[in-house]
Amino acid sequence: CLLMTRRPPERGLKGWMIAGIIGGGLAALAFCFLAYARITGHLQLYVVPTPGCEPGIPRGAYVLASDWIAPKRLDIICYRRDLGDRKEIWVQRLCGLPGDTIAMRAGRLSVNGAEADAALSLKHRYRVHSSLRNRLVQQGDLHPDDHFPIGADSIAAFMVDAAAERLGLQRMQGLVPDSVLHATGWQEGEIPETVVPAGHWFMLGDNRNASIDSRHIGFVAQTDFIGTVFHVIK
């Protein structure tokens with residue numbers, strides 16, 4: 001069976017010129033739009049040098065963010081942090097909106113009475129026998145810098161929960177002094193039911209035991225918002 005197809009009409013010089021002009025115009029418009037968005041801050045590109053948002057945002061990764069995207073609960077956002085002698089841009093997960101009731105029990109977050117961590121991939125600190133360190137590093141379950149000794153034969157290791165649970169490791173809490181936390185009665189993994197005040201957000205890093213966030217600095221003002229992360233370049 002022979003299949004016949006019509007030969008497409010040849011495009012003349014004029015047709016190619018028109019196509020080139022249209023293509024060039026669209027490229028110019030796209031460039032102008034990106035330049036405008038970058039200059040005005042509507043499109044932002046930041047490098048994340050710390051491990052506080054791992055595993056979703058590895059240290060050294062870039063994030064794209066925009067203030068055109070209204071943040072929702074559990075979105076990762078960028079916000080300004082005034083440190084007195086300097087200002088920085090921090091990247092963390094928005095875990096509590098104004099009026100939300102937040103609480104932590106044994107390191108697990110609940111928002112308005114519902115568990116909030118179940119849908120997230122998080123890191124926590126785990127007790128690991130020192131003899132396992134090299135194997136975990138070789139397997140990619142442990143970053144070479146993400147541990148410290150806590151005894152003659154044990155280390156505290158920051159690991160993705162799924163990997164730690166697979167190995168049957170014990171999660172550790174309570175190594176951070178209460179004095180560095182935001183409020184009396186707050187602990188690293190224990191926060192009594194607290195209502196997020198109007199005009200503020202409750203922020204957490206996904207690397208829960210290696211993040212300085214609202215547990216330490218308090219609620220973040222919505223006016224410090226810069227942009228919602230919509231893409232991670234690893």
*Using only protein heavy atoms and a 1.4 Å probe, report how much of residue 115 is accessible, in Å² to the nearest 10.*
120
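Please arrange 234, 123, 72 by accessible surface area, largest first, computed with a 1.4 Å probe and ligands excluded.
234, 72, 123
Assuming a ≥ b ≥ c are the square roots of the Cα gyration tensor eigenvalues, decide whether region 75-142 counts as rounded (a/c under 1.5), prolate (otherwise, with a/b larger than b/c) or oblate.
Judged from the Cα gyration tensor, region 75-142 comes out oblate (a/c at least 1.5, b/c at or above a/b).
Could you tell me which of rounded, prolate or oblate describes region 109-158, using a ≥ b ≥ c as the square roots of the eigenvalues of the alpha-carbon gyration tensor, with rounded for a/c under 1.5 and, failing that, prolate when a/b is larger than b/c and oblate otherwise?
Since a/c reaches 1.5 and a/b is larger than b/c, the shape of region 109-158 is classed as prolate.
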*Distance cut-off 24 Å, percentage of C-alpha pairs in region 77-234 lying past it*: 40
*Given R₀ = 25 Å, FRET efficiency for residue 130-residue 173 by Cβ-Cβ distance, to 0.05?*
0.75
_Net charge over other residues, Cβ less than 13 angstrom from the Cβ of residue 181 (K, R count +1; D, E count -1)_ = -3
_Probe 1.4 Å - accessible area at residue 59, Å² to nearest ten_ = 70
*Would you tally the net charge around residue 107, using a Cβ to Cβ cut-off of less than 14 Å, leaving residue 107 out, and scoring K and R as +1, D and E as -1?*
0
_For residue 227, what residues show an amide H to amide H distance below 5 Å, using hydrogens built from the backbone and excluding near sequence neighbours?_
78
*Give the cross-link partners of residue 87 among the aspartates and glutamates, using a straight C-alpha distance below 19 Å as the criterion and excluding same-chain residues fewer than 8 apart.*
67, 213, 224
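The values are calculated or read from the model by the stated rules, or taken from the named source; none is laboratory data. Quick caveat, the model's predicted, so the values are computed rather than measured. A quick note on method: Cβ atoms are made from the backbone with ideal geometry, for glycine too, and the neighbour counts reach across all protein chains shown. To get the accessible areas, we keep the full protein, side chains included, count just its heavy atoms, and leave off ligands, DNA and RNA. Shrake-Rupley method; radii C 1.70, N 1.55, O 1.52, S 1.80 Å.
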